[in-house]
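Down below is the structure, laid out as structure tokens.
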Amino acid sequence: MHRILVVDNNKIYADAAAALLRLLGHTVRQAYDGPSAIAIAQEFKPDAAFLDLVMPDMDGVELAAALRALECMKGAKIFALTAFTHKASSDAVRAAGFDAIVSKPATADDLARALDRK
């Protein structure tokens, strides 16, 4: 099982995704903004993170870069969690270092498939 960080400024969505991941047996923490996510990551040391792309102050791309720079996140999988999955954004998201894109609204199966990616 994984230690997973879910970050979304929409608290309802972050809490729902976290609940689905817990039902799958994972240990999950959630954050509702980038700075909180960085603080939680340093303490929690997740091996995977699902990040909303569109957030105020620090978007998902900026947050992914900040998380990748943390020693505790070396080797962690980072997934974009977004409703914006058209081709242009997919290429940009992959170029930003995300391991994969998960479309909102995500099901438990969608989240599990992302985690199972090699």
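The values are calculated or read from the model by the stated rules, or taken from the named source; none is laboratory data. Here the structure is a predicted model, which is why all the values come from computation and not from measurement. Ideal geometry is used to build each Cβ from the backbone, glycine not excepted, and the neighbour counts take in all protein chains shown.
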Cβ pairs under 9 Å, 6+ apart, first in the range 54-75 and loosely packed, with under 15 Cβ neighbours inside 10 Å and modelled with pLDDT of 95 or more, second small (Gly, Ala, Ser) and in a helix (DSSP H, G or I): LEU70/ALA41; CYS72/ALA41
The listed residue being of a type in the set (S, T, N, Q) and either free of Cβ contacts under 8 Å to residues at least 12 places away in the same chain or surrounded by fewer than 16 Cβ atoms within 10 Å (Cβ to Cβ) (or both), out of THR27, THR82: THR27
Pairs where the first residue, in the range 94-105, is of a type in the set (S, T, N, Q) and the second is surrounded by fewer than 16 Cβ atoms within 10 Å (Cβ to Cβ) and assigned to a strand (DSSP E or B), C-beta under 8 Å, 6+ apart: none
The lone exception for VAL6 - which of (1) free of Cβ contacts under 8 Å to residues at least 60 places away in the same chain; (2) not in a helix (DSSP H, G or I) it fails: (1)
Residue within the range 12-19 that is surrounded by 18 or more Cβ atoms within 10 Å (Cβ to Cβ) and touching a Leu at 6+ places or on another chain (Cβ under 6 Å) present: no
